[in-house]
Amino acid sequence: MRTTLLLFAWLCAAPPDTTVVGPQESLRDVAERALGDASATAELRALNALSSDAVSPGTRLKLPGQERALALKALETARTLVARARSAGGPAEAETRLKEAEVHFRTARYAQASEAANAAGTLVAQRHAPQPSTFSVQVEPDAGTTTVSVTRGPPVRVEAEGVTLPVAPGETVLVEKGRPPSLPPPSVPQPEKPAEGARLEYPADTKGVGLGPVKLSWAAQPGVERYEVEVSREAPGANVLTLSSTVAELKLPRLPAGRYRWTVRAVSASGRSEPSGARRFELVENISVRVRSGPWE
């Protein structure tokens, strides 16, 4: 009993930044008792220059001070920020700095751990910080008009006559004196493929539903909600097939052999563009002839 009291008094008298290994205590037990973290054995080994987890009872061990708590808080914040950014393709450098912070922390280099963790958090914050808008304003006093063009960044809000209009990158708004702002209709899309007058060969379809499919494409337009494509045969009174696409390409259904023309127009919240110039192509059935080998008569 006396020995137990003396050991208890010895433990209580130890400076707050050290601790004494008790009877039958392992390094893991000391880490859990002194730091509240059983996984902190690596920190205690590094802090006390131990080559293994084996420690003798009565051994006085150094304990980390307030710098450990600060580093742990920085690490927890960085882990949360990097984890959130990971699903959105966050910066790879932030992941690297977080790994550095983890290594520093396990080896009891708490100041370096805090520095690396804070750097990781800063990289994530900079990645998600809103970028300034780049835009130009052209005023024509004689005409009473103001033109605002946005090139990049968040949309710019233009207000006139009590109406506020967001102008996205790639858009231009014209404000006339005494009128609310309005976006012009989208410009006319430019067809790209197939080339004008292309002759497209396809093998005959066994089900007899036509040839193809033909893929049409055109130059994409910013701020467009959808594109409307019109396809018809080059014949008087031919039916017009109207199709819609939200991207700048479209696969046509299988069509009978023949000559065709197509146009495309862009549709946005500000209206519809004029149709593009007509592009023409020809669908031709590719007939393969097989000759069997054998005696000729």
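The values are calculated or read from the model by the stated rules, or taken from the named source; none is laboratory data. Values in this document were obtained by computation on a predicted structure and should not be read as measured data. Note: ideal-geometry Cβ built from the backbone for every residue, glycine included; neighbour counts use all protein chains shown.
Considering the range 168-205 alone, what residues qualify as being at pLDDT 85 or above, part of a strand (DSSP E or B) and out of contact with any Phe, Trp or Tyr (no Cβ under 9 Å at 6 or more places or on another chain)?
Passing the criteria: E201, Y202.
In the range 220-259, which residue that is touching a residue at least 40 places away in the same chain (Cβ under 8 Å) and part of a strand (DSSP E or B) is surrounded by the most Cβ atoms within 10 Å (Cβ to Cβ)? Before you say what the answer is, go through the steps one by one.
In the first step, residues of the range 220-259 are kept if they are touching a residue at least 40 places away in the same chain (Cβ under 8 Å); the result is 221-228, 230, 234, 248, 252-257.
Right, trim to part of a strand (DSSP E or B) and you get 226-228, 230, 255.
Working: R226: 13, Y227: 25, E228: 18, E230: 16, L255: 18.
Filtering first and then ranking leaves Y227.
Show the residue pairs meeting these rules: Cβ distance below 8 Å; 6+ apart or different chains; first residue within the range 267-278 and without any contact (Cβ under 8 Å) to a residue 24 or more places away in the chain and on the phi < 0 side of the Ramachandran plot; second residue aromatic (F, W, Y) and outside any loop (DSSP other than H, G, I, E, B).
Going by the 8 Å Cβ cut-off, the qualifying pairs are A278/W262.
Consider E285 against the criteria (1) at pLDDT 90 or above; (2) part of a strand (DSSP E or B): it satisfies all of them except one. Which criterion is unmet?
(1)
Could you tell me how many of the residues in the range 47-61 are surrounded by 15 or more Cβ atoms within 10 Å (Cβ to Cβ) and not in a loop (DSSP other than H, G, I, E, B)?
2
Check G36, G65, G90 and return the single one that is at pLDDT below 90 and within 23 Å of the chain's Cα centre (by Cα). Break it down stepwise before answering.
Numbers: G36 fails: within 23 Å of the chain's Cα centre (by Cα); G65 fails: within 23 Å of the chain's Cα centre (by Cα).
From the options G36, G65, G90, the qualifying one is G90.
Could you tell me whether E274 is in a loop (DSSP other than H, G, I, E, B) and over 28 Å from the mean Cα position of the chain (by Cα)? First the steps, then the outcome.
Values: in a loop (DSSP other than H, G, I, E, B): yes; over 28 Å from the mean Cα position of the chain (by Cα): yes.
Yes: the conditions hold for E274.
Can you run down the residue pairs with Cβ atoms below 8 Å, 6 or more apart or on separate chains, where the first is in the range 80-99 and under 17 Å from A113 (Cβ atoms) and assigned by TED's automatic domain parsing to the domain that holds S114 and the partner is modelled with pLDDT under 80 and not hydrophobic (A, V, I, L, M, F, W, C)?
Cβ pairs passing all conditions: V82/G90; A94/R127; E95/R86.
Cβ-Cβ under 8 Å, sequence separation 6+ or interchain: first residue in the range 168-183 and loosely packed, with under 14 Cβ neighbours inside 10 Å, partner in a strand (DSSP E or B). Which pairs?
Qualifying pairs under 8 Å: G170/V150; G170/T151; K177/T145; R179/A160.
Under 7 Å between Cβ atoms, which residue pairs at least 6 apart in sequence (or on different chains) link something in the range 59-73 that is within 18 Å of A116 (Cα to Cα) with a partner that is loosely packed, with under 14 Cβ neighbours inside 10 Å and among the aliphatic types (A, V, I, L, M)?
E67/A111
Hey, among the residues in the range 11-28 that are surrounded by 13 or more Cβ atoms within 10 Å (Cβ to Cβ) and out of contact with any helix residue (DSSP H, G or I) (no Cβ under 8 Å at 6 or more places or on another chain), which one's modelled with the lowest pLDDT?
Restricting attention to the range 11-28, the residues satisfying the condition of being surrounded by 13 or more Cβ atoms within 10 Å (Cβ to Cβ) are 14, 19-22, 25-28.
Then keep just the ones that are out of contact with any helix residue (DSSP H, G or I) (no Cβ under 8 Å at 6 or more places or on another chain); that gives 14, 26.
Details: A14: 43, S26: 92.
Taking the candidates together, the pick is A14.
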